[in-house]
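**Q** Have a look at this one.
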Amino acid sequence: MPLPLWPPERQQALYESLGYRVGHPETTRFLLNWNERRHVVICPRRASKSYSAAKKALPIVIGRELLPDGSGPKPTRTWIVGPTYELAQKEFRYLWDDLVRVGPKLGWPKPILARDSKKGGDLYILTAWGSEIHGKSADKPQSLLGEEIDCLIMSEAATMQADIWTRYLEPTLSTTRGFAILPSTPDAGALWLHDLWVKGLDGRHGTASYTWPVSGNPTYPLEELEEKRLTYGPDHPVFREQYLGEW
């Protein structure tokens, strides 16, 4: 593996210290699986896919050890790329909360720099141990060229064109052998993402795929899900896509 990754019990202890509750077994499989480099997460809205994507990236940002003086392995670079800065800010905000707001209360060193301006296109965190997090927008593809990265979150991947992934983002992970996390709601027009998801169903080509319903969010009201099931019917395409996360 390209990065020193955490054993499952330590990774779970990290999440517990942050108050993160997992609501579905598939979410746990996604968080703890490091056997593949590409992770395609297809879920409906409000299913905690963005929150879970940020939590999976966190061990890469931290590295193997988080010592009181901030020392550890080589720093890593993580990109969160959305179709707009506003959508990229979703996962960025969750990592911001862990590193800027909650982490220092647990004894983690405060970041050296932390900027959160989606309007100004300035989403950036520099940790005390040198790891960087950048929020970027795919509406400016040229800004996605040049650097190598260790971790990529492609927020709402189904809303972006295939060449954003194939030409601009996937190559940034090649020399580091880094990890890609692609969380998205299903979209019939995103054939490139569907093809990647199908490959990941059996772990082909270094890809893993995951799906869970809105009930995978432990805070989602189950009475709302039952109401929508009765409204649409369990086999209706809207219910299956928007509440179960099926293509």
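The values are calculated or read from the model by the stated rules, or taken from the named source; none is laboratory data. All values derive from a computational prediction rather than experimental measurement. As a convention, Cβ positions derive from the backbone with ideal geometry for all residues, glycine included, and neighbour counts pool all protein chains shown. Calculation scope for accessible area: heavy atoms of the full protein, side chains included, ligands and nucleic acids excluded. Shrake-Rupley method; radii C 1.70, N 1.55, O 1.52, S 1.80 Å.
**Q** Restricting the stretch 91-122 to residues that are in a loop (DSSP other than H, G, I, E, B) and among the small types (Gly, Ala, Ser), which is nearest to the chain's Cα centre (by Cα)?
**A** Taking the stretch 91-122 first, the residues in a loop (DSSP other than H, G, I, E, B) are 107-112, 118-121.
Narrowing the set further to residues that are among the small types (Gly, Ala, Ser) leaves 107, 120-121.
Details: Gly107: 24, Gly120: 22, Gly121: 19 Å.
Filtering the stretch 91-122 for residues that are in a loop (DSSP other than H, G, I, E, B) and among the small types (Gly, Ala, Ser), the one nearest to the chain's Cα centre (by Cα) comes out as Gly121.
**Q** Still on this structure, I have one more. So, in the stretch 205-222, how many residues would count as being modelled with pLDDT under 85 and of a type outside the set (Val, Ile, Thr)? Before the answer, list the steps.
**A** Filtering the stretch 205-222 for residues modelled with pLDDT under 85 gives 205, 214-222.
Still in the list and also of a type outside the set (Val, Ile, Thr): 205, 215-218, 220-222.
Matching residues across the stretch 205-222 total 8.
**Q** Of all the residues that make up the stretch 34-59, how many are out of contact with any Leu (no Cβ under 6 Å at 6 or more places or on another chain) and at pLDDT 90 or above? So that I can check it myself, show each step before the final result.
**A** Step one: list which residues in the stretch 34-59 are out of contact with any Leu (no Cβ under 6 Å at 6 or more places or on another chain), which gives 35-39, 41-53, 55, 57-59.
Cutting the leftovers down to at pLDDT 90 or above gives us 35-39, 41-43, 49-53, 55, 57-59.
Of the residues in the stretch 34-59, 17 are out of contact with any Leu (no Cβ under 6 Å at 6 or more places or on another chain) and at pLDDT 90 or above.
**Q** Would you confirm whether or not the stretch 127-135 contains a residue that is out of contact with any Lys or Arg (no Cβ under 8 Å at 6 or more places or on another chain), under 12 Å from Thr78 (Cα atoms), in a loop (DSSP other than H, G, I, E, B) and β-branched (Val, Ile, Thr)?
**A** The answer is yes; a qualifying residue exists.
**Q** Is it the case that Lys74 is modelled with pLDDT under 90 and open to solvent by 40 Å² or more (accessible area, probe 1.4 Å)?
**A** yes
**Q** Just for the stretch 157-207: of the residues that are part of a strand (DSSP E or B) and hydrophobic (A, V, I, L, M, F, W, C), which one is farthest from Ala47 (Cα to Cα)?
**A** Taking the stretch 157-207 as the starting set, the residues that turn out to be part of a strand (DSSP E or B) are 179-184, 207.
With the extra rule that they be hydrophobic (A, V, I, L, M, F, W, C), the set shrinks to 179-182.
Working: Phe179: 22, Ala180: 20, Ile181: 16, Leu182: 14 Å.
Looking at residues that are part of a strand (DSSP E or B) and hydrophobic (A, V, I, L, M, F, W, C), I get Phe179.
**Q** Open to solvent by 80 Å² or more (accessible area, probe 1.4 Å) and either in contact (Cβ under 8 Å) with a residue 24 or more places away in the chain or not small (Gly, Ala, Ser) (or both): does that describe Leu191? Spell out how you get there, then give the answer.
**A** On the way: open to solvent by 80 Å² or more (accessible area, probe 1.4 Å): yes; either in contact (Cβ under 8 Å) with a residue 24 or more places away in the chain or not small (Gly, Ala, Ser) (or both): yes.
Judged against the criteria, Leu191 is a match.
One line per residue, one yes/no per condition, for (1) at positive phi; (2) more than 15 Å from the chain's Cα centre (by Cα); (3) of a type in the set (Asp, Glu); (4) open to solvent by 60 Å² or more (accessible area, probe 1.4 Å):
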| site | (1), (2), (3), (4) |
| --- | --- |
| Ser155 | no, no, no, no |
| Thr159 | no, yes, no, yes |
| Arg167 | no, yes, no, yes |
| Thr172 | no, yes, no, no |
| Thr185 | no, no, no, no |
| Asp202 | no, yes, yes, yes |
| His205 | yes, yes, no, yes |
| Ala208 | no, no, no, no |
| Thr211 | no, no, no, no |
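**Q** In the stretch 32-57, which residue that is buried (at least 23 other Cβ atoms within 10 Å of the Cβ), in a helix (DSSP H, G or I) and not basic (Lys, Arg) is nearest to the chain's Cα centre (by Cα)?
**A** Among residues in the stretch 32-57 that are buried (at least 23 other Cβ atoms within 10 Å of the Cβ), in a helix (DSSP H, G or I) and not basic (Lys, Arg), the one nearest to the chain's Cα centre (by Cα) is Ala53.
**Q** Checking Leu126 against (1) within 14 Å of the chain's Cα centre (by Cα); (2) surrounded by fewer than 21 Cβ atoms within 10 Å (Cβ to Cβ): exactly one of these is not met. Which one?
**A** (1)
**Q** If you don't mind, another one. Since Tyr85 meets every condition but one in (1) at pLDDT below 90; (2) among the aromatic types (Phe, Trp, Tyr); (3) open to solvent by less than 10 Å² (accessible area, probe 1.4 Å), which condition does it not meet?
**A** It is condition (3) that Tyr85 fails.
**Q** I would also like to ask the following. Looking at the stretch 133-146, which of its residues are open to solvent by 40 Å² or more (accessible area, probe 1.4 Å) and either touching a residue at least 40 places away in the same chain (Cβ under 8 Å) or of a type in the set (D, E, K, R) (or both)?
**A** If the condition is that a residue be open to solvent by 40 Å² or more (accessible area, probe 1.4 Å) and either touching a residue at least 40 places away in the same chain (Cβ under 8 Å) or of a type in the set (D, E, K, R) (or both), then Asp139, Lys140 are the ones that fit.
**Q** Another question, if that's okay. Would you check which residues across the stretch 213-247 are within 18 Å of Arg29 (Cβ to Cβ) and open to solvent by 30 Å² or more (accessible area, probe 1.4 Å) and list them?
**A** Ser215, Pro218, Leu244, Glu246
**Q** Evaluate the following for Ile149: is it under 26 Å from Lys74 (Cα atoms), part of a loop (DSSP other than H, G, I, E, B) and open to solvent by less than 10 Å² (accessible area, probe 1.4 Å)?
**A** Details: under 26 Å from Lys74 (Cα atoms): yes; part of a loop (DSSP other than H, G, I, E, B): yes; open to solvent by less than 10 Å² (accessible area, probe 1.4 Å): yes.
Considered against the rule, which asks whether it is under 26 Å from Lys74 (Cα atoms), part of a loop (DSSP other than H, G, I, E, B) and open to solvent by less than 10 Å² (accessible area, probe 1.4 Å), Ile149 comes out as yes.
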